[in-house]
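Undergrad: Submitted below is the structure of interest, expressed as structure tokens.
The values are calculated or read from the model by the stated rules, or taken from the named source; none is laboratory data. Predicted, not measured: the structure shown is a model, and the values here were computed from it. Cβ atoms come from the backbone with ideal geometry, glycine included; neighbour counts cover every protein chain shown. Keep in mind that these areas ignore ligands, DNA and RNA; they rest on the heavy atoms of the full protein, side chains included. Shrake-Rupley method; radii C 1.70, N 1.55, O 1.52, S 1.80 Å.
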Amino acid sequence: MLSNIHIRKAVAADIPNLRALIDASVRGLQAEDYTPEQIEGALKTVFGVDSQLIADGTYFIAEAKLENAEVVAVGCGGWSKRKTLFGGDQWTERKDSLLDPRVDAAKIRSFFVHPEWPRRGIGSAILKTCEDAAKSAGFSRAEMGATLTGVKLFQVRGYVAQESIEISLENGALLPVIRMAKQL
């Protein structure tokens, strides 16, 4: 199923493609779980590229090679050794201090799949890449702020809901997300 998919570390030059992928994913896959007002507010306030993850080498992009040999971005996601649980560069409540892997959980961050590529194992493959990297860095636990759309994937992969969180968006809407955790 994933024979034509390659996962690699994202680099700064990928940011335009990542922005387009995130926008398409949110608009195309999250419409069943969030209102248009929540989607627009989230794209302006919290959903987006986190360049710190790219700089840390902990953000990944999944690319597919099409029959015409074109390579397209079909998914992205990462993990973090920093305290921020969610949010792109525009998120104002970032906490970039480092976690202690002996006591803190690695943060699984910013997962998006292109709406033309859902349910093909792309999110699971990126998640495994992130979990393996976090384990290699000494973390034994992981947590995330999962969108309502992402909860299903993460539950199947062993994550357990811990609490509901409502994020205040700049347009006045509230975005519900679920903090989830797992032993690695």
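Undergrad: Below 12 Å Cα-Cα, how many Lys pairs turn up in segment 10-133? Only count pairs eight or more apart in sequence, or on different chains, if you could.
TA: 5
Undergrad: Let me ask something additional. Using 10 Å bins from zero, what percent of all Cα-Cα pairs in segment 96-184 falls into each bin?
TA: Result returned by the calculation: 16, 45, 32, 8, 0.
Undergrad: Could you check the spin-label model distance between Ala137 and Ala20? Points 7 Å from the Cα along Cα→Cβ, value in nm.
TA: Output for this residue pair reads 2.9 nm.
Undergrad: Another one. Per residue, how much space in cubic angstrom lies within the convex hull of the C-alpha atoms of segment 34-131?
TA: Once divided by residue count, the hull of segment 34-131 is 126 Å³.
Undergrad: Over the chain, what is the relative contact order in percent, taking alpha-carbon pairs closer than 8 angstrom and at least six residues apart?
TA: Values: 361 pairs, mean separation 41.9, N = 184.
Result for the chain is 23 percent.
Undergrad: Accessible area per residue for segment 1-139 in Å², computed with a 1.4 Å probe and the full protein assembly in place, what is it?
TA: 49 Å²
Undergrad: Here's another thing I want to ask about it. Taking every DSSP beta bridge that has both residues in segment 29-184, what percent is antiparallel when rounded to the nearest 5? Walk me through the numbers before you get to the answer.
TA: On the way: 28 of 30 bridges.
Percentage antiparallel, nearest 5: 95.
Undergrad: In segment 2-54, how does Rg compare with the Kirkwood Rh, expressed as the Rg/Rh ratio over alpha carbon atoms? Intermediate values should be presented prior to the final figure.
TA: Details: Rg = 13.0 Å, Rh = 12.5 Å.
Checking Rg against Rh, the ratio lands at 1.04.
Undergrad: Return the carbon/sulfur percentage of the accessible area of the chain, one whole number, probe 1.4 Å, all protein chains in place.
TA: 50 percent
Undergrad: Let a ≥ b ≥ c be the square roots of the eigenvalues of the Cα gyration tensor of segment 52-98; is it rounded (a/c under 1.5), or, if not, prolate (a/b larger than b/c) or oblate?
TA: Prolate is the answer for segment 52-98, as a/c is 1.5 or above and a/b outweighs b/c.
Undergrad: Using Cα centres only, tell me the gap between segment 123-184 and segment 23-54 in whole Å.
TA: 15 Å
Undergrad: Right, here's the next one. Once you order the gyration tensor axes a ≥ b ≥ c over the Cα atoms, which shape class does the chain get: rounded for a/c under 1.5, otherwise prolate or oblate by comparing a/b with b/c?
TA: Rounded.
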